[in-house]
Every structure is written in structure tokens, then in C-alpha cells.
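A short write-up of the structure that comes next.
The values are calculated or read from the model by the stated rules, or taken from the named source; none is laboratory data. If you're wondering where the values come from, they're calculated on a predicted model, not measured in any experiment. Using ideal geometry, Cβ is built from the backbone for each residue, glycine included, and neighbour counts are taken over all protein chains shown. For the accessible areas, the whole protein counts, side chains as well, though only heavy atoms, and no ligand, DNA or RNA atoms are used. Shrake-Rupley method; radii C 1.70, N 1.55, O 1.52, S 1.80 Å.
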Amino acid sequence: MELANVILGFLEWKELTGYELKALFSRLDFLPWSGNNNQIYTTLVDLEKRGLVEKKTVQQEKLPAQKRYSATAEGRAQLHQAVLEPS
């Protein structure tokens, strides 16, 4: 499964930041992936350009603003289609 579809799966589950996505990848034994943050952020930007995720900027009091991502209806449809395709 492509990285974009795995990210869509996480974002269908709940709204996440790129940092939170990287933490999920590093904690889950069934996703052995040693990718880097750049791959996650590049994929998020691509998914946003394609209308598959939306970004919400959340201002924090004493920390930098967070960019939180969630799957759009189009993103969920793409994910469901990808799950149905043979591997």
C-alpha cells in the first residue's frame, strides 16, 4: 500500500499533525517503515493539493502553530477504493 493511502487511513481515523503521524509510524510494529519526516510532509502537501486532506492551523499559546490534517470526503473515497484493489 502506498504511503499516501496509509496516511489517509490514519487521517480518516482522526485529525493529526505530521509529527503525530511520524510517531504513529515509529510505534506500530505492523508498519515497519524507516521513512523520514520529509516523506510524510511531502505526501501531506500532495494530498492537500489533490483535495484528499484538509489542513487546519491551530494557534497555540506558547508554542508554534500546529498544522492539523484530516481526510476529506474525496480522500475517504480514494482510501476505500485503494483498500478494495488487489495488492
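In the stretch 61-87, which residue that is outside any strand (DSSP E or B) and within 16 Å of G18 (Cα to Cα) is least open to solvent (accessible area, probe 1.4 Å)? Top of the filtered list is A65. Which condition breaks for M1 when tested against (1) modelled with pLDDT under 95; (2) surrounded by 11 or more Cβ atoms within 10 Å (Cβ to Cβ); (3) part of a helix (DSSP H, G or I)? Of the numbered conditions (1) modelled with pLDDT under 95; (2) surrounded by 11 or more Cβ atoms within 10 Å (Cβ to Cβ); (3) part of a helix (DSSP H, G or I), the odd one out for M1 is (3). Of the residues making up the stretch 17-55, those that are open to solvent by less than 60 Å² (accessible area, probe 1.4 Å), small (G, A, S) and either modelled with pLDDT under 80 or within 10 Å of the chain's Cα centre (by Cα) (or both) are G18, G35.
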